[in-house]
Amino acid sequence: MPLHVVNGATLKCTSGSLTSILVITPVHREQIEYQPAANITDNADMVNIFPFGVCAALEGPCVPSTPAPWTPGAPTVTLDNQLALDSISTLACTNGGVISIVSPGETTDTIP
């Protein structure tokens, strides 16, 4: 079963050379294992998602460009009127990559 995603989750872009960390500001006021929980709208470049090293698609810095939310999100759990972000969701980058969650940042709270 998928896990909830929280602040500090490890992310990987298919076009990037390095992993990155998801940053969730405490705006949602929900915590899991003492970390702010994420929803599908936590996709802001340079706020929630930071560079992934060198981009294979652009042959330069792998700076995310993610205008659309994460998909699909947890179908049965909402957080601030949006679907909660689960560990199987992905995020399309307009620079040509797909961002996925390598480690959700928590280990015990599964989503049914």
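Rule-based calculations on the coordinates, nothing more; no lab input. It should be emphasised that the depicted structure is a prediction, and the values quoted were computed from it without experimental measurement. Here the Cβ is made from the backbone with ideal geometry for all residues, glycine too, and neighbour counts use every protein chain on show.
A few remarks follow.
- In the set (i) 150; (ii) 81; (iii) 137, the label that goes with volume of the Cα convex hull per residue in Å³ computed for this structure is (ii).
- Take every Cα pair under 8 Å whose residues are at least 6 apart in sequence, average their separation, divide by the length of the range 6-112, and the relative contact order is 31 percent.
- Site pair M46 and Q31 shows an inter-label distance of 3.0 nm when each label is modelled 7 Å from Cα along Cα→Cβ.
- Each other residue within a Cβ distance under 12 Å of Q82 adds +1 if Lys or Arg and -1 if Asp or Glu, for a net charge of -3.
- Environment charge of I101, counting only residues whose C-beta is closer than 12 Å and scoring Lys/Arg +1, Asp/Glu -1: -2
- Cα centre as origin, Lys/Arg/Asp/Glu Cβ charges: the range 1-104 dipole, Debye: 100 debye
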